[in-house]
Structures are given as C-alpha cells and as structure tokens.
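J.: My questions will all concern the structure given below.
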Amino acid sequence: MKTTKLKAYGASTNTADLELMEIDRREVGANDVKIDILYCGICHSDIHQVRNDWKNSKYPVVPGHEIIGRVVELGSEVTKYKQGDLVGVGCMVDSCKNCDSCHQDLEQFCINGATFTYNSPDKHLGGHTFGGYSTGVTVNQDFVLKIPENIDARGAAPLLCAGITTFSPLNHWNVKKGDKVGIVGLGGLGHMGVKFANAMGAHVVMITTSPNKAEDAKRLGAHEVLISKDQEQMSAHANSFDFILNTVPVGHDINPYVNLLKIDATMVLVGAVEPLGSVNGGGLIMGRKRVAGSLIGGIKETQEMLDFCGEHNITSDVEMVNMQDVNNAFERVVAADVKYRFVIDMESLKN
Ligand SMILES: [Zn+2]
Ligand SMILES: [Zn+2]
C-alpha cells in the first residue's frame, strides 16, 4: 500500500520523552479522508499509554485522540465530506461494523475490537496505529466527525474525548431540565460535565474536595458547590441527587457519593479504571440505587454531542502549547496544573 512519511511526536520506550519522528500514513483508499491536522488535545490517557501504565503499549507510541483538522483529499467513494471541511477524529478510527455493538452504534464496545486511534493493530499497514500528535492522518469517512464552524476549533479538540466521555452518560441516562445533577471532580472531564449538564437545564452541583475550586465551578455553570470533605454539607444533600457523574481518575471510596443519590438514581463512573475499594451493599439496597460505568460514545452519539456544542456554543477551556513543549505539558497534566485541557497547535510541527 502506498504511504507518505509525515512528521510526528512519539515515545520510543516507556521512560523516553516524546521526540520528533517520521511515521507512515496510508494514501487515501476509496472510503478514506485525508486530514491536515490543525490541533490535537492532550488527554491523560495519552500519558498512561506513553508510560505503559496499562501494560499494553506498543512502541513507538504516537498519542493523540482529540484531533481537529481540515479535509485535504478524498477517496473516490467518499460522500460525507468535501475538501476544506472542518472535521474531527476521536478515540476510534475503525470497528468491525458487523457485531451487535456496532449495529447499535456503540462502536466503542465492538465485540471484535474497535480500532483505537493509536496503539491498536493497523488493518491497513500492519503494525499499530499512530495518533494525532502528527501533521496529518488518513481515516475512514465513517469515523470522521463534522465540527460545527461556529465554535472555536481549538476548544473543540477536547470534545472528541473529554466531551463525549461526559456527554454520553448524561445523554444516555436522560438528564433533563430540573434534575439535580452532581459532577464529582473538576478536571478535564469534570469541567465538560458541568457545561453539558448546565446546557441540558439541570441544577448542577459541583462536588469537590477543594473549596478553592468553587469560584471556577460557578463560572463554568455550576449552581452550587458541595465540599465532599464537609460531613455536614454531605448530610444536608443526602438522598437528593437524580444523577451523579463521577470523573475522579483514580480508585476512591464511592460510598459517600452513593449516599447522595435519590431512590432509583444512578452514579456513572467515567474516570477510575482500577479497583474502587469496598462498596457498602446496604447503601445500594436502601434506595434501589445504581452504580454504572461509561466509555466515550459511539460515532453517532459523538456527532450528536458536537451538534449540541454547536447549538449551545460549548467548547473546552484550553491552554495552547507547541508540539516541542509536549513533555512539559505532560508533567503539568500529571500535576493537575492545567485549566482544563492542553491543546497542541500543530502549526508548530509543520515549520
Ligand atoms: Zn482521551
Ligand atoms: Zn463490531
């Protein structure tokens, strides 16, 4: 298969810094769209995979799954896009399209394994896929998203992962006007959760350990702030939430949050992919409460999320960085020192 060499930033081992390298991208096939990458967000999972925290990384790792760019070339059978369209690519670039999950527009749960944007087996070139820390990418049109032209393209990048990760559970569990919704944790995910829940008409409560995040939470759209370390405040809100979105990225005691749920209400976990410690069965039984999980969203729902962002003028709060400063940005993400997402300006890699 014909390929082109493009500039990228990747890591050669789990202890190496990201550095400039050349990667092969395929030329467009009949159903492919070639994208000139303008911006790419930095997601915490980029760092996990560069450092092999999940024990499945293949090197070199070229991360990046919050990609915004312009269409520069189309395959002969591409009907959904034209040259110059502003488009996005999120966490997936392909799936089997034939299993139960794919038939339900849930490609992220493809039973035969979705092809993730990086670090997945590459069906076209062999080896593994490379992500958006690069000047360009070639993607099947079915996995390309339309970006509304009225929203800021830089702030749109994080919608492709942080956005859909938080929109999907709010949407799937039918959060609606007047619901009391808690968002646990104010980081890259949490700040999007606050914006979406507010736009859906919910009464939004930011639930955080840090009183110093209160002001920012309100600026982003929270109506109230609940300090989870304050027992009195937690008791005052017991059994009152219609829905809780829990974005805490590490294992933690979820029992205090279960206590906040109303009868039949659900808390959805989107951050912690590790053991959570013991859960008090009584807390669930006394109130028929539910704890669930959610992973990004399918392509159809991701497009719905982007359209929703266009209607409500929602983007992520971002700090722009040059590709050459990515290693420092990684350190700052680990230290939670970013409001609320870094986005790489890919122009810095093109000179
Ligand atoms: Zn991500
Ligand atoms: Zn499938």
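The values are calculated or read from the model by the stated rules, or taken from the named source; none is laboratory data. The structure presented is a predicted model; accordingly, all values stated were derived computationally and were not measured. Don't worry about glycine lacking a Cβ; one is built from the backbone with ideal geometry, like all the others, and counts go over all protein chains shown. Keep in mind that these areas ignore ligands, DNA and RNA; they rest on the heavy atoms of the full protein, side chains included. Shrake-Rupley method; radii C 1.70, N 1.55, O 1.52, S 1.80 Å.
J.: Taking only protein heavy atoms and a 1.4 Å probe, what accessible area per residue, in Å², does the stretch 275-351 have with all protein chains in place? Before the final figure, lay out the partial values.
T.: Working: 3940 Å² over 77 residues.
Per-residue accessible area for the stretch 275-351 comes out at 51 Å².
J.: In the chain, what % of DSSP beta bridges are antiparallel (nearest 5)?
T.: 55 percent
J.: On the protein heavy atoms, probe 1.4 angstrom, tell me the percent of accessible surface of the chain carried by carbon and sulfur.
T.: 49 percent
J.: Using the basic label-point model (7 angstrom from Cα toward the beta carbon), what is the C96 to K2 distance in nanometres?
T.: The answer from the label model is 3.3 nm.
J.: Rounded, prolate or oblate for the stretch 195-236? Axes are the square roots of the Cα gyration tensor eigenvalues, ordered a ≥ b ≥ c, and the cut-off for rounded is a/c under 1.5.
T.: oblate
J.: Taking a threshold of 19 Å on the Cα-Cα distance, which of the pairs K34/K123; K180/K218; K195/K339; K34/K350; K146/K350 fall above it?
T.: In this structure, K146/K350 exceed 19 Å between Cα atoms.
J.: Still on this structure: If you average 1/r over all unlike Cα pairs in the stretch 192-351 and invert the result, what Kirkwood radius do you get in angstrom?
T.: 17.8 Å
J.: Mind giving me the FRET efficiency for N313 and D105? R0 is 25 Å, r the Cβ-Cβ distance, nearest 0.05 is fine.
T.: On the way: r = 26 Å, r/R0 = 1.03.
In this case the efficiency is close to 0.45.
J.: Next question, about the same structure. Just the number please: accessible area per residue for the stretch 1-75, 1.4 Å probe, all protein chains included, in Å².
T.: 44 Å²
J.: Okay, moving on. Applying 1/(1 + (r/R0)^6) with R0 = 41 Å to the Cβ-Cβ distance of A238 and S76, what FRET efficiency is obtained, to the nearest 0.05?
T.: So the FRET efficiency works out to roughly 0.10.
J.: Please report the relative contact order for the stretch 207-291, taking Cα pairs under 8 Å with a sequence separation of at least 6, and give it as a percent rounded to a whole number.
T.: Computed over the stretch 207-291, the figure is 25 percent.
J.: Please sort through the DSSP H helices of the chain and keep those with an alpha-carbon extent of at least 15 Å along the long axis and a Kyte-Doolittle average not below -1.0.
T.: Helices passing the filter in the chain: 162-172, 188-199, 299-312.
J.: May I ask you to compute the full-extension gain from V279 to K350, defined as 0.36 nm times their residue separation minus their alpha-carbon distance, rounded to one decimal in nm?
T.: 20.5 nm
J.: Alpha carbon centre of the stretch 173-244 versus the stretch 286-351: separation in Å?
T.: First find each Cα centre; the distance between them is then 19 Å.
J.: Same structure again: If I take every Cα pair under 8 Å that is 6 or more residues apart in the chain, average their sequence separation and divide by the length, what percent do I get for the relative contact order?
T.: Relative contact order of the chain: 18 percent.
J.: Explain nothing, just the number: relative contact order of the stretch 138-288, from Cα pairs under 8 Å at least 6 residues apart, as a whole percent.
T.: The normalised contact order for the stretch 138-288 reaches 19 percent.
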